[in-house]
Amino acid sequence: MLYTLHEATYYAGAPARLAARMTRDFWSSPLNPAAQSPIGRRLYAAADLYANVTRRYGRPAWGIDTVKVNGVDVRVRPTTVWESPWCKLVQFDRDMTDMRRAGKLKLDPAVLIVAPLSGHYATLLRGTVEAFLPDHAVFITDWSNARDVPMLEGQFDFHDYIDHIRTMMGVLGSRCHVVAVCQPGPPVLAAAALMAEDNDVNRPRSMTFMGSPIDARLSPTVTNKLAEDKPFTWFKSNMIYQVPPPYPGAMRSVYPGFVQLASFMSMNKERHQEAHQKFFEQLVHGDDDSADKHREFYDEYLSVLDLTAEFYLQTIDIVFQQYLLPKGELMHGGRLVNPAAITDIGLMTVEGEYDDISGVGQTQAAHGLTPNIPEDLKQLYVQPKVGHYGVFNGKRFREEIYPRVRDFILHCDPDF
């Protein structure tokens, strides 16, 4: 019912949004002699703010057309190299002519970046991709919005996620390197453990976990405590809704993206209120550069997708309530997942000192679960003065975290 009400509210607000856009266009028109008056600027700012807050944010474009390699602009084209109804494996294909001009005469290590399936689109990792591109052949998981997947495609749960990761590593072959950002940590570690136990030739050469809840019992955050304090039945009764028509996935049970977004924003409500107040003032005073940065951030932040009910509920149960992986009790396909079976896959963990989503210690727990990885193939790093987002994006990521990850990947790859 909530999903239907949410849709009805959105469409009921269409006349007000249209009026706001018309007001914004009128008071920003160079043909309006009063456009730069104090009242004109305030009317324009109010209308623009309302139009942006109430509009619908779709899947963002990648917007990565070129990347600097040794000072040379190299053209980049995202292409889908494998897909299922639930995910596309996207390669950021660098133009080989430009690469030769940049002095890159041999192949770079292949890196699979596993984007989180936790509410936002994979484009949230745009900065992560851009950092890796000069030195690696970059692939990323682009997860589907569950409301767009017809019921005929069946379900998608935590174990399907593990299978998808394993399949995609098989598609890349030649022992790629995998980087799991946030939520994917447990299923990626599980996939690597199963592949190691099977001596799968496509098992990764290294795995890097960034801000991942490998063991959510450690340094519990507000998010962890919520998942722990509420009974499982509460999540099933209060967080799951059916997709309404006319979406292709109508009648599918999902954890809606707008519910997740409300949770995200409530955690930092004052900060978001302050950001929008500043945005209003920037518009009034004509500070276009700052206003554009605000729009760029919220265009991504407010773009959310739905998760299937089964995937969301199993993640709550397996990762945040029963802690099956760190307790050595996770079963997959009738097999016990045993991270100790990993012996020749490098392991790096990256955490942020101020991470309020995955507290310090949750990610580095992976080291204790993999005692048979040689010490020279392990690296533990805690980045000072960054929160969750700063672990995989921003200036400190580019200048302090990424170089360590790049060097670790090279250390684990004898072919390079």
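Among the residues making up region 260-296, those that are of a type in the set (A, V, I, L, M, F, W, C), out of contact with any Asp or Glu (no Cβ under 9 Å at 6 or more places or on another chain) and more than 30 Å from residue 30 (Cβ to Cβ) are 261, 262, 264, 265.
The set of residues in region 93-107 being buried (at least 19 other Cβ atoms within 10 Å of the Cβ) and closer than 14 Å to residue 176 by Cβ is empty. Go through region 281-329 and report how many residues are among the acidic types (Asp, Glu), surrounded by 15 or more Cβ atoms within 10 Å (Cβ to Cβ) and farther than 26 Å from residue 123 by Cα. Residues in region 281-329 being among the acidic types (Asp, Glu), surrounded by 15 or more Cβ atoms within 10 Å (Cβ to Cβ) and farther than 26 Å from residue 123 by Cα: 2 in total. Looking at region 252-280 only, could you name the residues that are of a type outside the set (A, V, I, L, M, F, W, C), more than 12 Å from residue 119 (Cα to Cα) and touching a helix residue (DSSP H, G or I) at 6+ places or on another chain (Cβ under 8 Å)? If the condition is that a residue be of a type outside the set (A, V, I, L, M, F, W, C), more than 12 Å from residue 119 (Cα to Cα) and touching a helix residue (DSSP H, G or I) at 6+ places or on another chain (Cβ under 8 Å), then 252, 253, 272, 276, 278 are the ones that fit.
Taking the conditions (1) charged (D, E, K, R); (2) assigned to a helix (DSSP H, G or I); (3) touching a residue at least 60 places away in the same chain (Cβ under 8 Å) in turn, residue 98 satisfies each one other than (3). Inside region 60-92, residues that are closer than 30 Å to residue 308 by Cβ and among the acidic types (Asp, Glu) make up a count of 1.
For the residues 280, 320, the requirement of being over 26 Å from residue 148 (Cβ atoms) and in the same structural domain as residue 120 (by TED's automatic domain parsing) singles out 320. When residues in region 168-214 are screened for being polar (S, T, N, Q), more than 21 Å from residue 405 (Cα to Cα) and touching a residue at least 60 places away in the same chain (Cβ under 8 Å), 0 of them pass.
Does residue 380 meet the test of being outside the structural domain of residue 267 (by TED's automatic domain parsing), more than 23 Å from residue 115 (Cα to Cα) and either of a type outside the set (A, V, I, L, M) or surrounded by fewer than 20 Cβ atoms within 10 Å (Cβ to Cβ) (or both)? Reasoning before the result, please.
Numbers: outside the structural domain of residue 267 (by TED's automatic domain parsing): yes; more than 23 Å from residue 115 (Cα to Cα): no; either of a type outside the set (A, V, I, L, M) or surrounded by fewer than 20 Cβ atoms within 10 Å (Cβ to Cβ) (or both): yes.
It is false that residue 380 is outside the structural domain of residue 267 (by TED's automatic domain parsing), more than 23 Å from residue 115 (Cα to Cα) and either of a type outside the set (A, V, I, L, M) or surrounded by fewer than 20 Cβ atoms within 10 Å (Cβ to Cβ) (or both).
Residue count for region 154-208 under the criterion of being within 20 Å of the chain's Cα centre (by Cα) and among the acidic types (Asp, Glu): the result is 3. Within region 39-66, residues that are over 28 Å from residue 129 (Cα atoms) and modelled with pLDDT of 90 or more reach partners that are β-branched (Val, Ile, Thr) and surrounded by 14 or more Cβ atoms within 10 Å (Cβ to Cβ) with beta carbons closer than 6 Å, at six or more positions or on different chains, in the pairs 41/284; 42/284; 45/284; 47/23. Within region 351-377, the residues that satisfy the criterion of being among the hydroxyl-bearing types (Ser, Thr, Tyr) and either closer than 22 Å to residue 409 by Cβ or not assigned by TED's automatic domain parsing to the domain that holds residue 405 (or both) are 358, 363, 370. Scanning region 206-228 for residues that are within 23 Å of residue 335 (Cβ to Cβ) and surrounded by fewer than 24 Cβ atoms within 10 Å (Cβ to Cβ) gives a single hit, 215. Only residues that are crowded, with 23+ Cβ neighbours inside 10 Å and either farther than 19 Å from residue 118 by Cβ or not assigned by TED's automatic domain parsing to the domain that holds residue 403 (or both): list them for region 149-175, please. 169, the sole residue that qualifies.
With respect to (1) touching a strand residue (DSSP E or B) at 6+ places or on another chain (Cβ under 9 Å); (2) surrounded by 14 or more Cβ atoms within 10 Å (Cβ to Cβ), the lone exception for residue 77 is condition (2).
The values are calculated or read from the model by the stated rules, or taken from the named source; none is laboratory data. Here the structure is a predicted model, which means the values were calculated and not measured. Counting neighbours? That spans all protein chains shown, and the Cβs are built from the backbone with ideal geometry, glycine included.
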